[in-house]
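Reviewing the structure listed below.
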Amino acid sequence: QVQLVESGGGLVQAGGSLRLSCAASVMIRSINFMGWYRQAPGKQRELVAGVTNFRSTNYADSVKGRFTISRDNAKNTVALQMNSLKPEDTAVYYCKGASNGMEYWGKGTLVTVSS
């Protein structure tokens, strides 16, 4: 069973940075897509950034130029570097893996950006 565990969330002031990490219980080279999603209170969960095994990336328009996703297949981790944070980035951030019709989700880590 695939387990994904997020870490790195917390409270930060607007303009600050945080680095989220997602650790997988399996070799993520077997998981084509790894991504970060977020869900703010009262809103639907949305894709923030994703990366494939071919290192192809995609980002939500709202985070382009501020967030960077990376995966380390050797360490079985996926990171999300978040810079220039804004109060509207406040949300629970979830790690997701998807491959061969299967999806795996972590339990999330809370990011709070104060103004």
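The values are calculated or read from the model by the stated rules, or taken from the named source; none is laboratory data. As the structure is a prediction and not an experimental result, all values here were calculated from the model. Glycine gets a Cβ as well: all are built from the backbone with ideal geometry, and neighbour counts include every protein chain shown. Calculation scope for accessible area: heavy atoms of the full protein, side chains included, ligands and nucleic acids excluded. Shrake-Rupley method; radii C 1.70, N 1.55, O 1.52, S 1.80 Å.
I'd like the Karplus ³J(HN,Hα) series for region 77-92: coefficients 6.51, -1.76, 1.60, θ = phi - 60°, whole numbers in Hz, and an x wherever there's a Gly or Pro.
Working through the residues one at a time gives 10, 10, 10, 10, 8, 10, 10, 6, 5, 10, x, 6, 7, 4, 4, 8 Hz.
Scattering from the C-alpha atoms of region 17-113 alone, worked out with Debye: what is log10 I(q)/I(0) at q = 0.20, 0.22, 0.24 1/Å?
After summing over all Cα pairs, the log10 values are -0.95, -1.14, -1.34.
Which net charge results for the neighbourhood of S115, defined as the other residues with beta-carbon distances under 12 angstrom from its beta-carbon, given Lys and Arg at +1 and Asp and Glu at -1?
Working: positive: K86; negative: E88, D89.
Charge balance near S115 sits at -1.
Place a +1 charge on the Cβ of each Lys and Arg in region 50-115 and a -1 charge on the Cβ of each Asp and Glu, then give the dipole magnitude about the Cα centre in debye, rounded to the nearest 20.
Working: 8 positive and 5 negative charges, 33 e Å.
That gives a dipole near 160 debye.
Using a simple charge model, +1 on the beta-carbon of Lys and Arg, -1 on the beta-carbon of Asp and Glu, nothing else, what dipole does the chain show about its Cα centre, in debye to the nearest 20?
Numbers: 13 positive and 7 negative charges, 30 e Å.
Value, rounded to 20: 140 debye.
Report the local net charge at N73: Lys and Arg +1, Asp and Glu -1, summed over other residues whose C-beta lies under 11 Å from its C-beta.
Working: positive: R29, R55, R71, K75; negative: D72.
Result for the local shell: +3.
What is the local net charge at T57, summed over the other residues whose Cβ is closer than 11 Å to its Cβ (Lys, Arg +1; Asp, Glu -1)? Can you show the working numbers first?
Numbers: positive: R55, K64, R71; negative: none.
So the surrounding residues net to +3.
Probe 1.4 Å, all protein chains in place: accessible area of M27 in Å², nearest 10?
Roll a 1.4 Å probe over it and M27 shows about 100 Å².
In whole percent, and with a 1.4 Å probe on the protein chains, what portion of the accessible area of region 51-90 is carbon and sulfur?
Numbers: 1030 of 2100 Å².
For region 51-90, the apolar C and S fraction of the accessible surface comes to 49 percent.
Accessible area per residue for the chain in Å², computed with a 1.4 Å probe and the full protein assembly in place, what is it?
Values: 6180 Å² over 115 residues.
Ligands and nucleic acids excluded, the figure is 54 Å² per residue.
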